[in-house]
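Data block below; observations after.
Nothing in this text is a laboratory measurement; each read-out follows from the coordinates by a stated rule. Just so it is clear, the model here is predicted, and its values are computed rather than measured. In this analysis, Cβ positions are derived from the backbone assuming ideal geometry, glycine residues included, and neighbour counts consider all displayed protein chains.
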Amino acid sequence: MAKKNKKNKEQLPEGMSRRQAKLAARAAERAALEKDPRPYAGLAAESQLVALQEFVPSAIAKLTLKDVDRDVYVATVLPGASAALIRDEQSGGQAFVGLQVKTHSHNPGRDLAYALNWVKNHGEGETLESTVADGTEPKITELLDNDAILDVEVYQDFEWWLPEGAQVTPQIAQSMQMANDSVIESHQVGEGIVGTAFWANAGGGKAHIRWVRPNDDEAALLNGLARIAARGDLNLGEGTKFAGVFRTHGLIAPVFDLDPEVAYDSYEEKLKAVDAAITAELDNDAELTADERKQLQNIKSRQVTLR
């Protein structure tokens, strides 16, 4: 009896040979391992999500999660640095997904999509410990309202972890106190500017504003900052100093050093002025002057890449 041809038994994608199918499968595996250059690209809230993930200790914002009838919030960090949790009905039934988690992959956008998809498919009282994306999650742009801007609520503690009326045991009280002691005072600033800026006072005699800029061409932005610096205008007023830039999740975040004794909301007008100056320079393709090139090299030498 002739042997059965195993190749004829394989279920190959339509129009593909066995070799083509193998190559396609390997390409898909490589794609799953690749780092997304901008994990939150396609979302109007991109700069907000990056800021909440990297620079803000305690904050939440309501999300519009498609095909879900419960309230869903994105949070900086959840109890135990968990990936997601759903409160029971007696505690409100809200769902929370965390950005600052104890276990993650190198693709935070996919991790967030994994946690959001978990929320869609699980019930009250459940907790997701690990948010590492495994390829089963939809694209984040398929889960969220892509045009939505977040209304961020910033806190100076983690009291929002506990639903109203929750019983506080000594163990919970101790855990809350430890978490609250770790919070650095932070406030969102720069209403009406491009991107997302947060003021923070980490101690040590300096406060900072970190300003995540969305959608800027990196070279054009750095050149613009260099031109503004050469004019002596790259600051937020007396007693402030441009400190450099962070590169994180494909975006650039200028940083300014500040006097911690000056109120965080006193920088609004100056932020708007610097924002207008940056915007005006983004389309300037003229050659940099010698002084501007010197400023550009100084800015590049002080770049810090977070991830």
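A few remarks follow.
- Debye log10 I(q)/I(0) at q = 0.09, 0.11, 0.12, 0.22 Å⁻¹ for region 46-181, Cα point scatterers: -0.24, -0.37, -0.44, -1.54
- Within region 198-307, the proportion of Cα pairs with more than 17 Å between them is 52 percent.
- Radius, Kirkwood style, for the chain when every pair of distinct Cα atoms is counted (Å): 21.9
- Pair-distance profile P(r), taking every C-alpha pair of region 139-253, with 10 angstrom steps and integer %: 10, 30, 30, 21, 8, 2
- Once the C-beta distance of residue 219 and residue 35 is scaled by a Förster radius of 25 Å, the resulting FRET efficiency is 0.75 to the nearest 0.05.
- Take every pair of alpha-carbon atoms less than 8 Å apart whose residues are at least six positions apart; their mean separation over the length of the chain yields a relative contact order of 15 percent.
- Value of relative contact order over region 187-305, rounded to a whole percent, pairs C-alpha under 8 Å and six or more apart: 33
- Radius 11 Å from Cβ of residue 36, net charge of other residues (Lys, Arg +1; Asp, Glu -1): +2
- Whether region 91-156 is rounded, prolate or oblate, judged on the alpha carbon gyration tensor where a/c under 1.5 counts as rounded: rounded
- Looking at the chain, the DSSP beta bridges with both ends there are about 85 percent antiparallel.
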